[in-house]
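**Student:** Have a look at this one.
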Amino acid sequence: MKCKKCNSSSALIILRKKDLYCRECFLANVTHKFRSSIGKNKILGKADNVLICLSGKEGSTVLLDLINNALSLDNHKKLRITPIFLHLCENYETIKNVIEQCQKYNYDLYSPHISEYVQSKSHIPIVNSLPIVNNELIEEYNNMQNSMLPTVKDDFITNIKRTLYIRYAKLLNCKYIFTGETTTTLATKLLVNLAIGRGSQVQSDVGFLDSRDMEIKIIRPMKDISEEELKLYINSKNLKVNDKQTSKENEHTSLQTVISTFVSSLQENFPSTISTICKTADKIGLQDECDNERHNMCVICQSILKPDEKAISALDATSISKIVSLRKHTDSAIDVDMEKNVINSTIFPYIHNRLCYACSRNYAEIKQSKIPSYIIETQK
Amino acid sequence: MPVPCKRGCGNNAVLKRPKTGDAICKECFFWAFETEIHYTITKGKLFNKGDSVAVAASGGKDSTVLAHTLKTLNERYNYGLNLMLLSIDEGITGYRDDSLETVKQNRDDYEMPLKILSYKDLYGWTMDEIVAQIGRKNNCTFCGVFRRQALDRGAAMLNVKCIATGHNADDIAETVLMNVLRGDIARLKRCTAITTGSEGTIPRVKPLKYTYEKEIVMYAHYKKLVYFSTECVFAPNAYRGHARALLKDMEKIRPSCIMDIIYSGETMSIKEEVSLPTQRLCIRCNFVSSQEVCKACVLLEGLNKGLPKLGIGKSSKVKKLLDEYNTRQNNLETAVKDLEDCNITDKKTSKTCKNISNGFKQKECNATNCCTNKTERNVEKNNEKLQTVLDKYSLENNSQVKLDEEDSDDSEIKHQDEDDTCSSSCGRLGVGF
């Protein structure tokens, strides 16, 4: 068995069912993908503080190892950043594992609890210890989550994490954030984005860089590495991953799980699926990037709020459907524009004013009293 | 417990609208359905007063409902449109011949002129003949490419201002997903536009863009419109099947996702540095193309030269294949010439000519054979979509419609058989994964 790259006969690793690599070439390749994504984009400065967000899953395990390797180099390739590690605590099982993982490399870990989201301010937690939170916060957080349908909940948690990452980055004096999303997760995320009306936010949610926040940039250095490579990397380096991942709820309950199952099964039969989706994602941009005018931002996901320019959009069409389904029967023409405002307050609350289309759609579905009040009230 | 209509008209609701979840009575549903389309037409400025509009009619539910609604709205709101039906006969025995009968029925019912163009007349080939050449795989490429151009040609002949097509919201959402999966950024960009067509071409409009397929099925059912609901006898478009299956699964979880996907497509923008193919006119046939020679011409060339795979796959390979073909032909010709020079009279040349023309004749004979094999088909057969939709969205305890009860008993029995066909066809889709 010959390695595709170096022709040595010790190839042990098979990628994409056909490409053979030896262990060294494979690891070098993964490392290269990680480094080149950072290098190509020339965003990081020297000695910047970077908040590394770890979930404890496979992606974050490999991210931690890659960063450690890059820091311990002794040549010009050394990664010149100061890493600060953060884990958002959702359950106490995982957090012990992540602390253990970090201590193996001699890194400190900050691990605040995710329920911090319900209050508008947080403090820097004590390193390497379980978060101290009062039960009221946790209860409020759980109540909020339980009031949501699975699709909304999934989307909302993504935004909660993003908000908290940025909040702690500011507290810990970091300008940049690294997250461990792989091509596989990003391909799924692109389709999810489309399915919930976030088409205009694809570049920020799926691209290499999320620059929606004015101060903090979120970077996805693992975006060219696939799940297959992750698994092989973990195996060949004998890394320990926390296997006890919270079991996913019933498979077909949220759009996210349906899409994720769809992508992985399509990938089985058409091995180019994920890379094609990601290439598509790379070509989708932000609306009016060059437009320097300050627009309002969605208070939940920080995307730019801009009313639709088209004469008619799916948003209008949905409002109309609602109007004609509720309005008393008359044959006279309806003053659509006037009624639209009334209807929108129920089916699209705060649309284009404080919330984007997708967040507004979600907000309408949530029992609104459960959302922490500071979110809608602050700003404006 | 009968549910009252949400619009407060006093009647009992007969269905729950898939798009908004509101329960509504039959009359209010008709009104709501039509008013929404009216709003789409006026707000989207799809037509101008006095325009001639060709409705692309296949005989299926979407185009039947489109023709019916446009006629209704044209009279109700005084659009002043001159509506006509335009159908394309692909020459698919057992499918299109039957559905064209439905279109003819529409022509009589809606009193609109009907123009039918056939692939045979336009291109010299029917789909039956093409499938005989290319096989069951890839034949949808021919059919789709040819149909697109055939509609343009038909619209030019009818001298209309625009073509209205029956694409519904589900179709568009599905296309968005499919274009992402295929990485087709150019199509992704234009597939959600309500009006498409570059300068110098006849624009196409989609008045049903925001109308859910389920509501179209129910509208046709309650209005008792005649439509044709058999799937094409040739292999269904496999790749679209994946996108369709995904969309159906998602719709079950969150019905609004169809609108959300369309909204995503509408608000998405393509990075400036991405180069997109520019639309221009084909140098051979003068219809829209993104290449020097349009796909229809390439496919046709392939068929006529006996290289049916010519237009399948990469367009960069077309030239190479054609060159090879030409050198082969040249070799043949020089060989023939050599023979001529050797004074073996015209006999040989005429023979090769004959061979070629024989080939053509044979094909034509086959075609006429096929066409005479018309089978009678029951239009109502296979109407599983309607049944599933009704099953899910029409409200039970429909006590006020006692009269219809006999009918509904009947349909319930039918429904049971059809449930089976449904599961088997869904199963078939699943195999692809």
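The values are calculated or read from the model by the stated rules, or taken from the named source; none is laboratory data. The model shown is predicted, which means the values in this text are computed figures rather than measured ones. Cβ placement follows ideal geometry from the backbone for every residue including glycine, while neighbour counts extend to all protein chains displayed.
**Student:** What do you reckon, is B:N106 within 14 Å of another protein chain (Cβ to nearest Cβ) and either among the hydrophobic types (A, V, I, L, M, F, W, C) or not in a loop (DSSP other than H, G, I, E, B) (or both)? Even if it seems obvious, please write down each step before you answer.
**Tutor:** On the way: within 14 Å of another protein chain (Cβ to nearest Cβ): no; either among the hydrophobic types (A, V, I, L, M, F, W, C) or not in a loop (DSSP other than H, G, I, E, B) (or both): yes.
No, not satisfied.
**Student:** Of the numbered conditions (1) surrounded by fewer than 20 Cβ atoms within 10 Å (Cβ to Cβ); (2) under 30 Å from B:E101 (Cβ atoms), B:T211 fails exactly one; give the number of that condition.
**Tutor:** Result: B:T211 passes all but (1).
**Student:** With the condition being away from chain B (no Cβ under 14 Å) and modelled with pLDDT of 90 or more, I'd like the helices (runs of 4 or more DSSP H) fully within region A:166-251 carrying at least 2 qualifying residues.
**Tutor:** Because the criterion is at least 2 residues that are away from chain B (no Cβ under 14 Å) and modelled with pLDDT of 90 or more, the helices (runs of 4 or more DSSP H) in region A:166-251 that meet it are A:183-195, A:227-237.
**Student:** Let me ask something else about it. For region A:308-322, state whether one or more residues are in a loop (DSSP other than H, G, I, E, B), touching an Asp or Glu at 6+ places or on another chain (Cβ under 9 Å), at the interface with chain B (Cβ under 10 Å from one of its Cβ atoms) and at pLDDT 80 or above.
**Tutor:** Applying the first criterion (in a loop (DSSP other than H, G, I, E, B)) to region A:308-322 yields A:308-313.
Narrowing further to those that are touching an Asp or Glu at 6+ places or on another chain (Cβ under 9 Å): A:308, A:310, A:313.
Checking which are at the interface with chain B (Cβ under 10 Å from one of its Cβ atoms) leaves us with A:308, A:310, A:313.
Now drop any that are not at pLDDT 80 or above, which leaves A:313.
Yes, there is a match, as at least one residue in region A:308-322 is in a loop (DSSP other than H, G, I, E, B), touching an Asp or Glu at 6+ places or on another chain (Cβ under 9 Å), at the interface with chain B (Cβ under 10 Å from one of its Cβ atoms) and at pLDDT 80 or above.
**Student:** Could I ask something else about it? Could you check A:F34 against (1) of a type outside the set (S, T, N, Q); (2) surrounded by 14 or more Cβ atoms within 10 Å (Cβ to Cβ); (3) touching a strand residue (DSSP E or B) at 6+ places or on another chain (Cβ under 7 Å) and say which number it fails?
**Tutor:** (3)
**Student:** Out of the residues in region B:37-46 meeting the condition of being among the hydrophobic types (A, V, I, L, M, F, W, C) and either part of a helix (DSSP H, G or I) or not assigned by TED's automatic domain parsing to the domain that holds B:L70 (or both), tell me which one is nearest to B:P4 (Cα to Cα). Talk me through it step by step, then tell me what you get.
**Tutor:** Residues of region B:37-46 among the hydrophobic types (A, V, I, L, M, F, W, C): B:37, B:41, B:46.
After this cut, where a residue has to be either part of a helix (DSSP H, G or I) or not assigned by TED's automatic domain parsing to the domain that holds B:L70 (or both) as well, the list is B:37, B:41.
Working: B:I37: 25, B:I41: 30 Å.
Looking at residues that are among the hydrophobic types (A, V, I, L, M, F, W, C) and either part of a helix (DSSP H, G or I) or not assigned by TED's automatic domain parsing to the domain that holds B:L70 (or both), I get B:I37.
**Student:** Conditions first: (1) at pLDDT below 80; (2) of a type in the set (A, V, I, L, M, F, W, C); (3) within 26 Å of the chain's Cα centre (by Cα). A:A358 passes all but one, so which condition is the exception?
**Tutor:** It fails just one condition, (1).
**Student:** On the given criteria, is A:Y165 out of contact with any helix residue (DSSP H, G or I) (no Cβ under 9 Å at 6 or more places or on another chain) and either in contact (Cβ under 8 Å) with a residue 40 or more places away in the chain or closer than 26 Å to A:L355 by Cβ (or both)?
**Tutor:** yes
**Student:** Return the pairs, sorted by first residue and then second, in which the second residue is of a type in the set (G, A, S) and crowded, with 21+ Cβ neighbours inside 10 Å, the first residue lies in region B:122-141 and is without any contact (Cβ under 8 Å) to a residue 40 or more places away in the chain and more than 16 Å from B:L307 (Cα to Cα), the beta carbons are less than 6 Å apart, and the residues are 6+ apart or on different chains.
**Tutor:** B:L122/B:A150
**Student:** Determine which member of the set B:I216, B:I283, B:I262, B:I253 is over 20 Å from A:Q203 (Cβ atoms) and either of a type in the set (G, A, S) or crowded, with 24+ Cβ neighbours inside 10 Å (or both). First the steps, then the outcome.
**Tutor:** Details: B:I283 fails: either of a type in the set (G, A, S) or crowded, with 24+ Cβ neighbours inside 10 Å (or both); B:I262 fails: over 20 Å from A:Q203 (Cβ atoms); B:I253 fails: either of a type in the set (G, A, S) or crowded, with 24+ Cβ neighbours inside 10 Å (or both).
Exactly one of B:I216, B:I283, B:I262, B:I253 is over 20 Å from A:Q203 (Cβ atoms) and either of a type in the set (G, A, S) or crowded, with 24+ Cβ neighbours inside 10 Å (or both), namely B:I216.
**Student:** When the residues of region B:166-192 are filtered to those that are crowded, with 24+ Cβ neighbours inside 10 Å and in a loop (DSSP other than H, G, I, E, B), which remaining residue is modelled with the highest pLDDT?
**Tutor:** B:N168
**Student:** With respect to A:V258, determine if the residue is out of contact with any Leu (no Cβ under 6 Å at 6 or more places or on another chain), free of Cβ contacts under 8 Å to residues at least 40 places away in the same chain and either part of a helix (DSSP H, G or I) or within 13 Å of chain B (Cβ to nearest Cβ) (or both). Working first, answer last.
**Tutor:** Numbers: out of contact with any Leu (no Cβ under 6 Å at 6 or more places or on another chain): yes; free of Cβ contacts under 8 Å to residues at least 40 places away in the same chain: yes; either part of a helix (DSSP H, G or I) or within 13 Å of chain B (Cβ to nearest Cβ) (or both): yes.
When the stated conditions are applied, A:V258 passes them.
**Student:** How many of the residues in region B:42-57 are crowded, with 19+ Cβ neighbours inside 10 Å and facing chain A (nearest Cβ under 8 Å)? Give the steps one after another, and end with the answer.
**Tutor:** The initial filter retains those residues of region B:42-57 that are crowded, with 19+ Cβ neighbours inside 10 Å, namely B:44, B:46-47, B:53-57.
From what's left, facing chain A (nearest Cβ under 8 Å): B:44.
Qualifying residue count, region B:42-57: 1.
**Student:** I need the helices (runs of 4 or more DSSP H) fully contained in region B:220-339, keeping only those with at least 2 residues that are assigned by TED's automatic domain parsing to the domain that holds B:A150.
**Tutor:** Values: elements: B:238-253, B:257-267, B:295-304.
It comes to B:238-253, B:257-267.
**Student:** What is the residue count in region A:272-299 for residues that are modelled with pLDDT under 85, under 24 Å from the mean Cα position of the chain (by Cα) and more than 10 Å from every other protein chain (Cβ to nearest Cβ)?
**Tutor:** Of region A:272-299, the ones modelled with pLDDT under 85 are A:285-296.
Subset that is under 24 Å from the mean Cα position of the chain (by Cα): A:285-289, A:295-296.
Those left that are additionally more than 10 Å from every other protein chain (Cβ to nearest Cβ): A:295-296.
Qualifying residue count for the region: 2.
**Student:** Can you go through B:L246, B:L281, B:L225 and tell me which one is within 13 Å of chain A (Cβ to nearest Cβ) and either more than 28 Å from B:C28 (Cβ to Cβ) or not small (G, A, S) (or both)?
**Tutor:** B:L246
**Student:** Right, something else. Go through (1) of a type outside the set (D, E, K, R); (2) within 18 Å of B:L386 (Cα to Cα); (3) in contact with a Cys (Cβ under 8 Å, 6 or more places away or on another chain) one by one and return the number of the condition B:F234 breaks.
**Tutor:** (2)
**Student:** How many residues, within region B:1-36, are at the interface with chain A (Cβ under 10 Å from one of its Cβ atoms) and in a helix (DSSP H, G or I)?
**Tutor:** Total meeting the criteria: 9.
**Student:** Okay, moving on. Please work out if A:Q302 is at pLDDT 80 or above, part of a loop (DSSP other than H, G, I, E, B) and either within 24 Å of the chain's Cα centre (by Cα) or within 11 Å of another protein chain (Cβ to nearest Cβ) (or both).
**Tutor:** Details: at pLDDT 80 or above: yes; part of a loop (DSSP other than H, G, I, E, B): yes; either within 24 Å of the chain's Cα centre (by Cα) or within 11 Å of another protein chain (Cβ to nearest Cβ) (or both): yes.
Here the answer is yes, as A:Q302 does meet what is asked.
Here is a yes/no grid of residues against (1) surrounded by fewer than 21 Cβ atoms within 10 Å (Cβ to Cβ); (2) acidic (D, E):
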| position | (1), (2) |
| --- | --- |
| B:E27 | yes, yes |
| B:A32 | no, no |
| B:T40 | no, no |
| B:G59 | no, no |
| B:T64 | no, no |
| B:N74 | yes, no |
| B:Y79 | no, no |
| B:D97 | yes, yes |
| B:Y110 | yes, no |
